Amino acid sequence: MPMDLNGYWKMVSNDNFDDYMKALGVNAAIRTIASLLKTDKDIVQDGDHFQIKTLSTFKNYHMDFHVGQEFEEDLSGVDNRKCMTTINWEGDKLVCVQKGEIEGRGWSHWVVGDELHLELRAGGAVCKQVYKKTT
């Protein structure tokens, strides 16, 4: 049975985010602003259908997908690119592969206790974020 990711999650740590954004080609001004933000995640999971909202005071990003179904992802809220995205369960991890201009791009989500872990990958850079579930 896949892990239950439902809930509202608040960021508690964000390691190596600047290097990750550099790998995406995000300009210095946007990187400076983004590095100061503490994002929230609002995740609604219904079987293999997910809605993941990444929320901040600067920009919001919304994903709506079904596990195992490839789709074209518009990343205009992130780095103004499009890619073909597939998300699958690998054990208890939700693993995303984003095929496009940036080699090795994707992410993984998993839960340990009341913490949601997110590993972001792009061009050899790895960012690790941790979120705490709110009640």
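With only alpha-carbon atoms in the gyration tensor, what are the semi-axes of the equivalent ellipsoid for the chain, in Å, largest first?
Ellipsoid half-lengths, sorted descending, are 22, 18, 13 Å.
I'd like the distance separating the alpha-carbon centroids of the range 55-115 and the range 10-38, in whole Å.
16
How large is the accessible surface of Asp46 in square angstrom, using a 1.4 angstrom probe and rounding to the nearest 10?
110
Per-residue ellipticity at 222 nm for the chain, helices alone: DSSP H runs ≥ 4 residues times -39500 (n - 2.57), over residue total, nearest 500 deg cm²/dmol?
-3000 deg cm²/dmol
Ignoring ligands and nucleic acids, what accessible area does Cys127 show with a 1.4 Å probe (Å², nearest 10)?
0
So what is Rg over Rh here for the range 17-57, counting just Cα atoms and using Kirkwood for Rh?
1.13
Over the range 1-101, what relative contact order in percent results from Cα pairs under 8 Å that are six or more residues apart?
The normalised contact order for the range 1-101 reaches 19 percent.
With θ set to phi - 60° and the Karplus curve 6.51 cos²θ - 1.76 cosθ + 1.60, what are the ³J(HN,Hα) couplings of the range 54-65 in order, to the nearest whole Hz, using x for Gly and Pro?
With the stated coefficients, the range 54-65 comes to 9, 10, 8, 6, 9, 9, 10, 9, 10, 10, 9, 8 Hz.
Let me check against my output: what whole-number percent is the relative contact order of the range 59-113, with C-alpha pairs under 8 Å and at least 6 apart? Before the final figure, lay out each step's value.
Numbers: 84 pairs, mean separation 12.7, N = 55.
Reported relative contact order: 23 percent.
What lysines does Lys22 reach when the alpha-carbon gap must be under 20 Å and sequence neighbours fewer than 8 apart in one chain are set aside?
Leaving aside lysines fewer than 8 places away in the same chain, those within reach of Lys22 are Lys38, Lys59, Lys82, Lys99, Lys128.
The values are calculated or read from the model by the stated rules, or taken from the named source; none is laboratory data. On a predicted model such as this, the values are computed, not experimentally measured, just so you know. To get the accessible areas, we keep the full protein, side chains included, count just its heavy atoms, and leave off ligands, DNA and RNA. Shrake-Rupley method; radii C 1.70, N 1.55, O 1.52, S 1.80 Å.
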